[in-house]
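Novice: Attaching a single structure in C-alpha cells format; questions to follow.
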Amino acid sequence: MKAGKKMEKARVQLLLDNPFFGHLASYLELKDDESLDNPIGTDHKKIYFNPKMIENLDESKVKSCIAHGILHTALGHQWRRESRSEETWNSATDIAINWILKESGFELPPKLRLRSDFKNKSAEEIYSEITLEEKKNQKGSEKNSDKKKRQKKRFR
Ligand SMILES: [Zn+2]
C-alpha cells in the first residue's frame with residue numbers, strides 16, 4: 001500500500017480505536033517528506049511522514065507513530081520547553097509520550113525499553129531527573145580524569 005493511503009487508513013483506524021487521539025490527528029494535514037529521519041514528524045499544523053519508512057511499518061505501528069506525533073502537539077511540548085536543552089527535552093517528552101501510549105494499549109517498537117521510574121511523570125519531571133543523572137555522570141567522569149591526571153603526575 002502506498003504510504004499516503006496507509007497514513008489515511010491508520011488515522012481512520014486511530015479514530016475508531018482511540019477517538020481522543022484520532023480526533024486530534026484529524027485536525028492536522030498529512031504531508032509526505034522524504035528528508036525526515038523519523039517515520040513521522042509534526043510542526044503542529046501538519047503531520048509529516050517519511051513514505052519509505054511508513055511503507056515498511058505495519059498498520060498498528062503507523063497508528064502508534066501518528067498518536068506519538070500528535071501527543072507532542074496536544075501536550076504543548078513545544079511551548080513548555082522554555083530554556084531547557086532541546087535534545088534532552090526531546091528525550092524527556094518522548095519518554096512521557098511513550099508511557100502514555102503504553103498505558104493506552106498502543107503497540108510500541110519491540111526494542112523500546114521504558115524505565116518504570118518515569119511512569120506517570122511529566123516531561124518536566126523526567127527532564128529534571130535526566131539532567132541530574134547527566135550531571136552526576138559528568139562529575140564521575142571528571143573525577144576519573146582528575147584521578148588519571150594525578151596518577152600521571154605521580155608516575156612522572
Ligand atoms: Zn517524539
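The values are calculated or read from the model by the stated rules, or taken from the named source; none is laboratory data. In this text, all values refer to a predicted model and were calculated from it rather than measured experimentally. Cβ coordinates were reconstructed from backbone atoms using ideal geometry, including for glycine residues, and neighbour counts include every protein chain displayed.
Novice: Step by step: first the residues of the stretch 70-93, then only those that are out of contact with any helix residue (DSSP H, G or I) (no Cβ under 8 Å at 6 or more places or on another chain) and in a helix (DSSP H, G or I), then the one that is nearest to the ligand (Cβ to nearest atom). Which residue is that?
Specialist: Asn90
Novice: Looking at the stretch 103-137, which of its residues are of a type in the set (Lys, Arg) and at pLDDT 95 or above?
Specialist: Those that are of a type in the set (Lys, Arg) and at pLDDT 95 or above: Lys119, Lys121.
Novice: Please go through (1) exposed (fewer than 15 other Cβ atoms within 10 Å of the Cβ); (2) touching a residue at least 24 places away in the same chain (Cβ under 8 Å); (3) outside any helix (DSSP H, G or I) for Ser60 and return the number of the only condition it doesn't satisfy.
Specialist: Unmet for Ser60, out of (1) exposed (fewer than 15 other Cβ atoms within 10 Å of the Cβ); (2) touching a residue at least 24 places away in the same chain (Cβ under 8 Å); (3) outside any helix (DSSP H, G or I): (3).
Novice: Tell me whether the stretch 95-116 contains one or more residues that are among the basic types (Lys, Arg), away from the ligand (no atom under 15 Å from the Cβ) and in a helix (DSSP H, G or I).
Specialist: Scanning the stretch 95-116, I find no residue that is among the basic types (Lys, Arg), away from the ligand (no atom under 15 Å from the Cβ) and in a helix (DSSP H, G or I), so the answer is no.
Novice: Name the residue that is surrounded by the fewest Cβ atoms within 10 Å (Cβ to Cβ), counting only residues in the stretch 1-27 that are of a type in the set (A, V, I, L, M) and within 22 Å of Gly105 (Cβ to Cβ).
Specialist: Residues of the stretch 1-27 of a type in the set (A, V, I, L, M): 1, 3, 7, 10, 12, 14-16, 24-25.
Keeping just the survivors that are within 22 Å of Gly105 (Cβ to Cβ) gives 7, 10, 12, 14-16, 24-25.
Numbers: Met7: 26, Ala10: 26, Val12: 14, Leu14: 24, Leu15: 16, Leu16: 8, Leu24: 19, Ala25: 26.
Selected residue: Leu16.
Novice: What's the number of the only condition in (1) assigned to a helix (DSSP H, G or I); (2) touching a strand residue (DSSP E or B) at 6+ places or on another chain (Cβ under 9 Å) that Tyr48 fails to meet?
Specialist: Checking Tyr48 against (1) assigned to a helix (DSSP H, G or I); (2) touching a strand residue (DSSP E or B) at 6+ places or on another chain (Cβ under 9 Å), the one that fails is (1).
Novice: Just one of the numbered conditions (1) under 25 Å from Lys119 (Cβ atoms); (2) surrounded by fewer than 16 Cβ atoms within 10 Å (Cβ to Cβ); (3) of a type in the set (Lys, Arg) is not true of Lys46; which one?
Specialist: (1)
Novice: Determine which single condition Tyr48 fails, assuming it passes every other condition in (1) closer than 26 Å to Lys5 by Cα; (2) away from the ligand (no atom under 16 Å from the Cβ); (3) among the hydroxyl-bearing types (Ser, Thr, Tyr).
Specialist: (2)
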